[in-house]
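The values are calculated or read from the model by the stated rules, or taken from the named source; none is laboratory data. Not measured: the values here are computed from a predicted model. All Cβ positions, glycine included, derive from the backbone under ideal geometry; neighbour counts span all protein chains shown. In case anyone asks, the SASA skips ligands and DNA or RNA and just uses the protein heavy atoms, side chains included. Shrake-Rupley method; radii C 1.70, N 1.55, O 1.52, S 1.80 Å.
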Amino acid sequence: DGGLLITLGNGSTLPLDGGLVRDVYRKSGAFFTPGSELRVKFVRPDHPLAYGYPETTSAFRTMLPVYDTAVSARRGVVLQWGTKLRAEDREEAGPEAAKPKDAKDQAKKEEPKMLVAGALKGEDELEGRPAILDLPAGKGRVIAYNFEPIHRDLNRSDFRFLWNALLNWNALPPAEK
């Protein structure tokens, strides 16, 4: 009948693996982030969850599952890990898209590294995967954080990710079907 379900970290497995939302699946791979600060990018910087943040910021990630979406659910990605496209999307663009045309283009193509602090293995597999999802579920919606924004009260810079959902729940745009 509607409503909003907000899930954090491992709590996101309930709606994502349990079938409450569609077109999201667990990504297999050799990811290793044992408590790392990683660069993230808002795919939808106009979304209320992005209030007060620059387009590129960072978030604290532990050893949680990694999810991905089918093409039909990509509009539900609010925040992604890293600043680049997913590896599959870069391959589809072809080698010509990756070649800079001059020095100005070269500067634009140099993306910052995903790792801000800590350890990271499997960066290319994690790059572009969802960090925050906003997906329809029946007449309601699910906001799923693929990290723990209040992890042991240590990562206070991430608290706003959650506060934005709690304070602006009524300003959230209609869930994309």
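Observations
- Residue in segment 10-18 that is under 24 Å from F60 (Cβ atoms), in a strand (DSSP E or B) and in contact with an Asp or Glu (Cβ under 9 Å, 6 or more places away or on another chain) present: no
- Screening the candidates N164, N170 for the property of being open to solvent by 10 Å² or more (accessible area, probe 1.4 Å), in contact with a helix residue (DSSP H, G or I) (Cβ under 7 Å, 6 or more places away or on another chain) and not in a loop (DSSP other than H, G, I, E, B) yields one hit, N164.
- Conditions (1) more than 25 Å from P173 (Cβ to Cβ); (2) open to solvent by 20 Å² or more (accessible area, probe 1.4 Å); number of the one not met by G11: (1)
- Only one of L38, L20 that is within 17 Å of F161 (Cβ to Cβ) and in contact (Cβ under 8 Å) with a residue 12 or more places away in the chain: L38
- Taking the criterion of being assigned to a strand (DSSP E or B) and either loosely packed, with under 14 Cβ neighbours inside 10 Å or among the acidic types (D, E) (or both), the residues of segment 19-29 that qualify are Y25, R26.
- Qualifying residue in segment 66-73 (condition: open to solvent by less than 60 Å² (accessible area, probe 1.4 Å), farther than 17 Å from D158 by Cα and acidic (D, E)): yes
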